[in-house]
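The values are calculated or read from the model by the stated rules, or taken from the named source; none is laboratory data. None of these values were measured; they are calculated from a predicted model. So basically every Cβ, Gly included, is an ideal-geometry build from the backbone, and we count neighbours across all protein chains shown. Remember, those area values only see protein heavy atoms, side chains included, never the ligands or the DNA or RNA. Shrake-Rupley method; radii C 1.70, N 1.55, O 1.52, S 1.80 Å.
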Amino acid sequence: MKPNDLKQSDLDQIVASVKTSPEPEIVAASRDRVWQKLQAERGAAGLGLCASFEPDLMGYRSGTLSDARRMLLDDHLSSCIACRHKVMGEPEPRKVLRMPNRPRPMIRRVMMIAAAAAVTVGLGFALPPVLNRALAPNGPRGTVAAIEGTLLTVSATGTEPLMVGAGIDENQEIRTGRDSHAVIRLRDGSTVEMAERSELNLTERWLGRTIHLNRGDILVEAANQGKGKLEVATPDFLISVKGTIFGVSQGLKGSRVSVVEGEVQIEYAGVTTLLHRGEQSTSHSELAPTSVESELAWSRNFARYSALLADLRPKEIPAVGSTDAHDGGSLLDHLPADAVMVVSFPNLSQALADAKQNFEDRAKTSPELAAWLNSSRSQEMHLAVERVRQIGEFLGDEILIAGSGKGWPIALAELRDPARELALRELLEQPGPNRSYAIEGSLVVLGADTISPAGEFAKGAFGAKVAEAYHKGKGQLFAANLEQMSAHAVLTNVANARPSTITSPTNVGGTDAGVKGLRFMIAERTAASPGSVDSSSMTLHGDFHGLSKWLAAPGPIGSLEFVSAQASFAAAFATRNPRDLLSQLLGMVSPNAPQFLEMFRTRTGMDPLEDFAGTLGGEATIAVDGAILPFPDWKLVLEVEKPANLQASIEKLVQRLATEDAALNPASAPKLTDEMVGNRKFYTLALTVPAITIHYTFIDGYMLAGANRNLLLTAISNRAAGLTLPHASEFRSQLPTDTHGNVSGILYYNFGPVVGPFADQISATGLLPADQQSRIRTFTENRNPGVVYLYGAADHITVGSRGNLLNLGMSTLGGLASGNLASAIPLFGSGFPHQNATGAPAEQPTQ
């Protein structure tokens, strides 16, 4: 075979042989066997070592000695001068000795490269990437050390569970499930702790190894790397270490690195940064800094890491999302302890007008406020705002108004100029209703003759929530203690002997508004660039219902990556438990959900909660991604932990339904077919009732379904190319600036280019009633893209947007929290009759 005929497989075998060396035990055993054999031969002949080789010298010179014996003699001649002279000094005719075959050019090149690599490393020079990769060791890159929950290996064809002790190969993608946790041990002794719903793969080179974090949170304890290095690569950062403890998070907004011990080098956009213990860095401005400790709170070793950072306790993290934060909160400190409503706004004429409008809007959209802000109470609030407006020139930049239901509401502010205190007193002494006031130092209170002691308000649960929101930044704030308002409304109605739509204080929020279980509502508007950010945080009772019960904590939502940047609509969320979600959705659709489930089990022999929801992961996305008319290009993406089980359940259900329908009407039987396109199997499910065809496939742990196959193929190619909604500027510009790297749920809409002209034509006909035309105008007046995001937690849920979320009203925000979608949709919500606890249509609040 000619040198150039060497095949790639031969080269691979040669490289493998260079990289692979015998185990030390094998080498030692071989050496012992050879030595024992030599000793036996020498002892049998009664000769010394030199004498034992004497008979071999003639064969050595003639080239007839066996290879094994020749090798032993070569080794002896290298150290025995006397025998070497005997070989060279014999008066035999000189003969040409047969030399070993010269290595082929390709083999010699590999050997030279290996030698050059060793010299390069020894001299401290950088190893070329191609060579560094070619000389990577064989074998698994890591081993599964611990699992709590599920750890899956993900491929284009499906997912498989991993067990403790399993090896992780080069570029093998692994993913933790919901409520799961895993620890991976690398070959060098480093450990990688994975939080729930995190995904990574490992690669290794001769001089180092890389953890590729695709999503989620990890915590790395890096072993000493010697001449190599350990790297963590995210879409934004390349993090390099020699031996340290650090955490890395990769989410919707970007990457965050937090150092617990040692030093970490970060490369980002061509700039290298060195982080030390207790320091943190983020890749995007929307991802605000937080404490290193809070970033690692998910870890099973949090107590140990917290102890390592004990001497670096950070000061309070500065507020984000605004140009500046509230000062020490002296105004908030002096609110009365029994306040059930608090409004904070800048001392500006427009802000005062907005405050008055807020009272009116919320009285229309919340039964609690409608009952609390009755006609006389509402008038008192208006008078309080008007009085603040009249004396606004004497007051500072911030105004607080609080009401308790016991007497007049009060207004708190700081005196702008102490030298003008006398002039202010003269103005306040003028005749009029409820002219009570008090001035103590720089504090001014209107509506009371004393200022409440400092700190009393913040001692309660409601006060603590208000204080937390108040210190985030300057802007507008509206807070309501719905729990106390509801109790007050019940007592008032009983005293006046009139029926109440709110039956008890425990049914806070009432089913009328679709906000059952709400305790507190805090709506905020903070300054941001561009525009402003609106958010509403809703604190719930322990037995709350709806969206807030099954919404997971903020985390990765990889299903969004199947939605393109041209989508008109997309809604994605992560759930705590798909079984609970399906059960609640069925309950929302019909009060007879238990009977329906039992009928389904009896008819099909299947359990929807187990055979379908039980196969799913924790996230889902639905989108309109293409044409809207005449039929929308819909798309559904579900995370699937057991794709084979889900497909088997679908096939079993279709077969059972087809068997039943065929006996009645063969034409109505559902049909399920499949077809290979390239190396991927696509399924087509044709239904007659309703008349719809569903195309779907499984990819990387997801079920991708849509209106047609081209939609699915485009989604797969766009995802591979990174041309997806999470990377689009229209989407990213709507994300808030806060400490959350991910969301629990998100709603994106961009109807302007498609729906706007159509809505204009409908309105122009004049055929719709005035109220419907008003709703359409509200729906289409802002045609820019928008994002509404949700953060879930154990006892509260936060809804936010860069749009005008405050104007949605409490019933809309509460509907998002409770799962009452009728009240959550601002375009149609007010026209939907809600039901009370008895199932009868409830009395609607006065509009």
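Some notes on this structure:
- Residue within segment 200-207 that is within 19 Å of residue 305 (Cα to Cα) and in contact with a strand residue (DSSP E or B) (Cβ under 6 Å, 6 or more places away or on another chain) present: no
- The single condition among (1) outside any loop (DSSP other than H, G, I, E, B); (2) open to solvent by 10 Å² or more (accessible area, probe 1.4 Å) that residue 239 does not satisfy is (2).
- Qualifying position, being open to solvent by less than 20 Å² (accessible area, probe 1.4 Å), at pLDDT below 85 and under 30 Å from residue 526 (Cβ atoms), among 752, 745: 752
- Filtered residues of segment 146-172 (kept if assigned to a loop (DSSP other than H, G, I, E, B) and not hydroxyl-bearing (Ser, Thr, Tyr)): 149, 156, 162, 163, 164, 165, 166, 169, 170, 171, 172
- Under the condition of being open to solvent by 40 Å² or more (accessible area, probe 1.4 Å) and not in a strand (DSSP E or B), the residues counted in segment 190-221 number 3.
- Qualifying positions in segment 476-488 - modelled with pLDDT under 75 and either aromatic (Phe, Trp, Tyr) or surrounded by fewer than 24 Cβ atoms within 10 Å (Cβ to Cβ) (or both): 487, 488
- Residues in segment 362-415 that are farther than 25 Å from residue 524 by Cβ and open to solvent by 60 Å² or more (accessible area, probe 1.4 Å) were compared, and the one that is modelled with the lowest pLDDT is 375.
- Which listed residue, of 287, 230, is farther than 18 Å from residue 309 by Cβ, open to solvent by less than 10 Å² (accessible area, probe 1.4 Å) and over 24 Å from the mean Cα position of the chain (by Cα): 230
- Only listed residue being hydrophobic (A, V, I, L, M, F, W, C), modelled with pLDDT under 65 and open to solvent by less than 40 Å² (accessible area, probe 1.4 Å), chosen from 121, 144, 154, 183: 121
- Boolean, residue 224 is open to solvent by 10 Å² or more (accessible area, probe 1.4 Å) and either of a type in the set (Gly, Ala, Ser) or at pLDDT 90 or above (or both): no
- Scope segment 270-284; condition under 19 Å from residue 311 (Cα atoms) and either hydroxyl-bearing (Ser, Thr, Tyr) or assigned to a loop (DSSP other than H, G, I, E, B) (or both); matching residues: 276, 277, 278, 279
- Taken over segment 433-456, the criterion of being of a type in the set (Asp, Glu) and in a strand (DSSP E or B) is satisfied by 440 alone.
- Selection of segment 605-633 for residues being surrounded by fewer than 19 Cβ atoms within 10 Å (Cβ to Cβ) and in contact with a strand residue (DSSP E or B) (Cβ under 8 Å, 6 or more places away or on another chain) yields 622, 632, 633.
- Selected residue [closer than 24 Å to residue 565 by Cα and either at pLDDT 95 or above or of a type in the set (A, V, I, L, M, F, W, C) (or both)] from 715, 662, 648, 686: 715
- Verdict on residue 583 being outside any loop (DSSP other than H, G, I, E, B) and under 21 Å from residue 216 (Cβ atoms): no
Here's the yes/no breakdown for (1) under 25 Å from residue 159 (Cα atoms); (2) open to solvent by 30 Å² or more (accessible area, probe 1.4 Å); (3) at pLDDT 95 or above:
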residue: 678; (1), (2), (3): yes, yes, no
residue: 682; (1), (2), (3): yes, no, yes
residue: 693; (1), (2), (3): no, yes, no
residue: 697; (1), (2), (3): yes, no, yes
residue: 704; (1), (2), (3): yes, no, yes
residue: 728; (1), (2), (3): no, no, no
residue: 737; (1), (2), (3): no, yes, no
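- For residue 294: the one exception among (1) open to solvent by 20 Å² or more (accessible area, probe 1.4 Å); (2) in a loop (DSSP other than H, G, I, E, B); (3) small (Gly, Ala, Ser): (2)
- Residues of segment 173-189 classified as in a strand (DSSP E or B) and of a type in the set (S, T, N, Q), total: 1
- Inspection of segment 640-648 identifies at least one residue that is touching a Phe, Trp or Tyr at 6+ places or on another chain (Cβ under 6 Å) and part of a helix (DSSP H, G or I).
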